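To start, the structure itself, in structure tokens.
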Ligand code: FPP
């Protein structure tokens, strides 16, 4: 039986977040340069987005470029931005056909103008779609996001718009770039690294974590479905006891 056939359609995670890791190492293992790994990673982005849509996941967030990634060699940063623009150009039609809505989280003002424009066009074109929400995390890091939210809230307090007592989890969440997006049910990280790496640290508080040794360029539909099957074996208690959980 394939992993896809083992999936319980009644218990599909609403939001899956992915740290797409291992492009560089995968390429190196084949005697190629890092950019070859990123190029091959684009096909995994396509396949995993399609797989998520097929089983009815509502939000898929992909960590495509972190704040720290700006420190990589200029040629690699340029190649990643180029791949992103091409991927969007080549995929808007498919996103329309598959009812996918594109969203972006992160400090998009740091992205090159061309990349920003292409993203904005694709976001408005797909804005009315009601199937999968494909969320790209670009120039994103959790610490940046949390500091940003803190500054916005402090400003509102300073201007007398809110009181310190009004600051609660809902207000804080509403000031993050993920406003309106439910917290991830499942986080997948590829390539055998066991870290969160500054990704969605507020939002992952109760997420199930899944790590696989497969590098991102080889992470296609079946490995994704395997992660979903594994997730469905977990019992999510949110701090309660097992007996308190309604089965
Ligand atoms: C991590 O591998 C991957 C990235 C930093 C970039 C991911 C980007 C893509 C898959 C391509 C473009 C994206 C989209 C959404 C079309 P790594 O370079 O850190 O690998 P390593 O840990 O082996 O060095």
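Taken together, the values in this text are just the output of simple stated rules run on the coordinates, not laboratory data. Here the structure is a predicted model, which is why all the values come from computation and not from measurement. Positions of Cβ are generated from backbone atoms using ideal geometry, with glycine treated the same way; all protein chains shown enter the neighbour counts.
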Neighbour-count ranking [beta-carbon atoms within 10 angstrom, fewest first] of 235, 54: 235, 54
Ascending count of other beta-carbon atoms within 10 Å, so fewest first, for 105, 35: 35, 105
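Below 8 Å between Cα atoms, with a sequence gap of 6+, how large is the relative contact order for the range 1-88 in percent?
Details: 64 pairs, mean separation 31.2, N = 88.
Value for the range 1-88: 35 percent.
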Point-to-point label distance, residue 242-residue 128, nm (Cα→Cβ direction, 7 Å offset): 5.1
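Given Cα pairs under 8 Å that are at least 6 residues apart, what percent is the relative contact order of the range 70-221?
Here the relative contact order equals 19 percent.
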Spin-label pair residue 113/residue 68, simplified geometry with 7 Å Cα→Cβ offset, distance in nm: 3.2
Cα convex hull volume per residue for the range 40-119 (Å³): 96
Computed over the range 30-157: relative contact order in percent, which uses C-alpha pairs under 8 Å that are six or more apart: 35
Pairwise FRET efficiency - residue 205 versus residue 32, Cβ, R0 = 41 Å, nearest 0.05: 0.60
Separation of alpha-carbon centers, the range 1-77 and the range 177-196, rounded to whole Å: 12
Hypothetical label at residue 50: residues of the range 80-96 whose amide nitrogen lies under 12 Å (7 Å Cα-Cβ projection): 94-95
